[in-house]
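First comes the structure, then the notes that go with it.
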Amino acid sequence: MSSSPINYLQPDVPPSLPWHKPKTVIATNDNLKGYGCLVSKEEYENFPLEIVQWPKTKGRPIDANTGNQAGTKRGIFDFWWEGDVLFGKNNAVSDEYLLGWSVNPKDAVREKEIVVSPERVLLWHANYHPDGGQLFFPLDGTPFVTPLALPGDDILPEHFTNFYFDGSMGLYIHPNIWHEGIFPLAKRAKFYDAQGSIHARVSVNFANEFGVFMDVWLLKP
């Protein structure tokens with residue numbers, strides 16, 4: 001099985017769909033168990049990332065201490081609203097994304113000023129990285145949310161929980177954890193990003209696979 005390249009700046013989704021709203025909880029190390037953990041300001045730049053050895057399903061095994069030497073990429077992950085549309089740019093891997101909308105796509109207006117950041121973002125997509133973990137830290141102390149789900153390719157919208165962070169701590173997620181970027185409670189924000197250099201992605205398209213957008217609430221619960 002193979003997949004076609006995804007156009008992240010022009011997602012192939014319907015103009016309007018029902019919304020699925022995951023539960024939002026305040027992130028703690030206890031409720032992040034299995035997903036990852038909180039990361040402090042003092043440790044984020046040197047936090048150890050898990051790198052997964054290159055997979056091999058049969059035959060002779062991969063030699064010890066090989067297949068996991070690509071290391072990590074680090075950079076700034078920018079997020080910003082243009083009217084009703086949320087964008088992200090991951091400078092660590094030179095990728096840019098249309099992450100979602102504050103209204104159904106058919107009603108979204110990009111060329112308008114917004115006074116405050118929207119209360120929600122409607123997500124069309126999520127992914128996980130089988131090759132390594134990923135770390136996000138808010139460089140300007142901006143509170144943020146992110147919906148996460150535990151590993152498994154039989155993913156469903158109801159498997160996601162939306163975690164709220166007050167901006168004093170960052171987030172580290174293990175390999176294979178379903179996520180989409182970080183969603184700041186601000187019109188614009190910068191995050192430190194670190195992740196595996198291979199940057200493999202496995203994706204889910206909520207709109208086309210389940211007929212919904214994920215209604216991610218951008219407020220403290």
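The single condition among (1) outside any strand (DSSP E or B); (2) under 21 Å from the mean Cα position of the chain (by Cα); (3) hydrophobic (A, V, I, L, M, F, W, C); (4) closer than 24 Å to Gly196 by Cβ that Ala64 does not meet is (2). Comparison of Leu86, Leu17 shows that the only residue that is modelled with pLDDT of 95 or more, more than 20 Å from the chain's Cα centre (by Cα), closer than 21 Å to Ser203 by Cα and buried (at least 17 other Cβ atoms within 10 Å of the Cβ) is Leu17. I'm trying to understand the selection: among the residues of the range 123-141, which are assigned to a loop (DSSP other than H, G, I, E, B) and crowded, with 21+ Cβ neighbours inside 10 Å? Residues satisfying the conditions are Trp124, His129, Asp131, Gly133. Of the residues that make up the range 152-159, is at least one surrounded by 19 or more Cβ atoms within 10 Å (Cβ to Cβ) and modelled with pLDDT of 95 or more? Scanning the range 152-159, I find at least one residue that is surrounded by 19 or more Cβ atoms within 10 Å (Cβ to Cβ) and modelled with pLDDT of 95 or more, so the answer is yes. Does the range 34-51 contain at least one residue that is of a type in the set (Phe, Trp, Tyr) and over 25 Å from Met169 (Cα atoms)? No, the range 34-51 contains no residue that is of a type in the set (Phe, Trp, Tyr) and over 25 Å from Met169 (Cα atoms). For the range 93-122, the candidate set comprises residues that are among the basic types (Lys, Arg) and free of Cβ contacts under 8 Å to residues at least 60 places away in the same chain; within that set, the residue that is surrounded by the fewest Cβ atoms within 10 Å (Cβ to Cβ) is Lys112.
When restricted to residues that are in contact with a strand residue (DSSP E or B) (Cβ under 9 Å, 6 or more places away or on another chain) and not in a loop (DSSP other than H, G, I, E, B), the range 83-122 contains 18.
The values are calculated or read from the model by the stated rules, or taken from the named source; none is laboratory data. Fair warning: this is a prediction, and the values are worked out from it, not measured in the lab. No Cβ is skipped: glycine too gets one built from the backbone with ideal geometry, and neighbour counts run over all protein chains shown.
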